[in-house]
Amino acid sequence: VDLTVRRWLTPFEVGGVSPAALERVLVRCRAEGIGVVLLGIPACSAHREVITPAVDAEYLGYLGRVCREYGCRFVDARDWVPDTEFFDALHVRFDVGAKRFTGRLTREVLLTLAMD
């Protein structure tokens, strides 16, 4: 996990087709009056430990700018599931991890949207 994630992040910069595609979708959602919540999905501690403060700052800085510019919200759920509830390094176990994640997402995000 460690080596693979390091390769994904070296060198790290926000750019390319993914951010451009995201921003096109956000433009469309704003034009259609659709609210957007961006979600940082659960990651095991081995993945989170490889992310340097500089990479995390660039990632969160980009998301902060996008949220300000397009009026959306970012929910950082990267640490919502403990390692014991991952099937492997990438996938949350359905029987426990997914239930924990969706329960928290419902309580802390989805139900608050219904009240807005």
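Spin-label pair residue 84-residue 24: with each label point 7 Å from Cα along the Cα-Cβ axis, the two points sit 4.5 nm from one another.
Split the chain at each of the chymotrypsin sites (Phe, Trp or Tyr not before Pro) in a DSSP loop with at most 15 other beta carbon atoms within 10 Å, and the longest piece is 13-86. Between residue 93 and 86, 87, 98, the built amide H atoms are under 5 Å apart, and every one of these is 5 or more places off in sequence or on another chain.
Database remark: amide H of residue 38 closer than 5 angstrom to the amide H of 73, 74, 75 (H placed geometrically; neighbours at sequence offset of 5 or more, or on other chains; Pro and chain starts carry no H). Computed about its Cα centre, the charge dipole of the chain is approximately 280 debye, with only Lys, Arg, Asp and Glu carrying charge at their Cβ.
Computing FRET efficiency as 1/(1 + (r/R0)^6) for residue 14 and residue 37, where r is the C-beta to C-beta distance and R0 is 25 Å, gives about 0.85. What a 1.4 Å probe finds exposed on region 12-94 is 60% carbon and sulfur by accessible area, rounded to a whole percent. The phi-based Karplus calculation (6.51 cos²θ - 1.76 cosθ + 1.60; θ = phi - 60°) puts the 3J(HN,Hα) values of region 79-86 at 10, 7, 10, x, 3, 5, 9, 9 Hz, whole numbers, x for Gly and Pro.
Set against the 2.2 N^0.38 Å expectation for a compact globular protein, the chain has a Cα radius of gyration ratio of 1.17. The 3J(HN,Hα) values that the Karplus relation (6.51, -1.76, 1.60; θ = phi - 60°) gives for region 68-77 are, in residue order, 5, 5, 10, x, 10, 10, 10, 10, 8, 10 Hz. Gly and Pro appear as x.
The values are calculated or read from the model by the stated rules, or taken from the named source; none is laboratory data. Computed from a predicted structure; not experimentally measured. Neighbour counts are summed over all protein chains in view; Cβ atoms, including those assigned to glycine, are modelled from backbone coordinates with ideal geometry. Ligands, DNA and RNA are excluded from the accessible area calculation, which covers all protein heavy atoms including side chains. Shrake-Rupley method; radii C 1.70, N 1.55, O 1.52, S 1.80 Å.
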